[in-house]
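The values are calculated or read from the model by the stated rules, or taken from the named source; none is laboratory data. Small disclaimer: the values here were computed from a predicted structure and weren't measured. Using ideal geometry, Cβ is built from the backbone for each residue, glycine included, and neighbour counts are taken over all protein chains shown.
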Amino acid sequence: MIQNPFDYVRATTLSEALAALAEFRREAKLLAGGHSLLPMMKLGLAEPSVVVDIRHLRDLDYIDDAADHVAVGALTAHRTVETSPLVQTSVPLLAHVAAHVGDEQVRARGTVGGAIAHGDGASDLCAAALALRATVVVEGPPGRRQIAIDDFFVGYLETALGPDEMIVELRVPKVPGAAWSFQKYRRRHLDWAIVGCAAVRDPDRGLGVGLVNMGSRPTRAVEVETADRRGADITEASDLVAAGCEPPSDLHASAEYRVELARVLVNRALDACRVA
């Protein structure tokens, strides 16, 4: 149950949504699929005084072929990404990861932009975006700007978005011939992953590895990628997975357990990328 009262604004155009953000700034939160915001409001982790409903901005629901990348509108549902022939062909890792987000109801309502904006360290989609070196396109009063995915996640549920900005698009480089792997461990089918990793090896960009639940924010396995570039074998590279990470300890697993599990999963992912 949501305890705190709030005002509701329904935006039917992007300009209306941006105007509401400009007016209310940090007092406002955007509502798209609702699968991140509403649970946080029920837990008291988010207490906006204004909820701006952007579900009806249909201009932000698309998947386009944009030469060297696939452009995904912020309000595109996970299910749309999962079943898109363009994504399946050009960025198969993204389609595969989208198919592992929650259940069918969540995938039908949850949006790409919402997942990225939430910036959860336990997000599969954020890990895939890191591995794929995606770019986040945001819009605010000054206009649009692009943010490299590595610069987007800055802290616990904190991103580089300004209080009067919103995500409008995710740009994902095409990797049609790349080898890739998505590994995660969870106790039950719909549980959050204890640990996971998304890996892609592209002939032009090299290896990219994004980690799930290995820090307070979505995390790239930088030392693993660096070791791979210098020719380290899979075991040596995987052993470096904890470098720069701050895995949490909670009821589900200790930090030490997560480090060992991440090492095993990254080893499997790198092996799959090598074999493919």
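For this structure, a couple of remarks:
- All of (1) in a helix (DSSP H, G or I); (2) crowded, with 21+ Cβ neighbours inside 10 Å hold for His96 with one exception: (2).
- Subset of the stretch 126-160 that is of a type in the set (Phe, Trp, Tyr) and touching a Leu at 6+ places or on another chain (Cβ under 9 Å) - its residue that is farthest from Ala193 (Cα to Cα): Phe152
- Looking only at residues of the stretch 180-201 that are surrounded by fewer than 20 Cβ atoms within 10 Å (Cβ to Cβ) and of a type in the set (A, V, I, L, M, F, W, C), we find that the one that is modelled with the lowest pLDDT is Leu190.
- Filtered residues of the stretch 208-231 (kept if assigned to a loop (DSSP other than H, G, I, E, B) and free of Cβ contacts under 8 Å to residues at least 40 places away in the same chain): Arg230, Gly231
- Tabulated pairs, the stretch 252-276, first surrounded by 23 or more Cβ atoms within 10 Å (Cβ to Cβ), second among the charged types (D, E, K, R), C-beta under 8 angstrom, 6+ apart or interchain: Leu265/Lys184; Leu270/Asp228
- The helices (runs of 4 or more DSSP H) falling completely within the stretch 102-207 include none with 2 or more residues that are acidic (Asp, Glu) and either under 24 Å from Ala253 (Cα atoms) or touching a residue at least 40 places away in the same chain (Cβ under 8 Å) (or both).
- With respect to (1) under 22 Å from the mean Cα position of the chain (by Cα); (2) in contact (Cβ under 8 Å) with a residue 24 or more places away in the chain; (3) farther than 16 Å from Asp150 by Cβ, the lone exception for Thr235 is condition (1).
- Out of Gly196, Gly210, Gly155, one residue alone is assigned by TED's automatic domain parsing to the domain that holds Leu93 and under 25 Å from Met40 (Cα atoms). It is Gly155.
- A single member of Glu225, Glu165 is in contact with a strand residue (DSSP E or B) (Cβ under 9 Å, 6 or more places away or on another chain), acidic (Asp, Glu) and within 27 Å of Ala32 (Cβ to Cβ), and it is Glu165.
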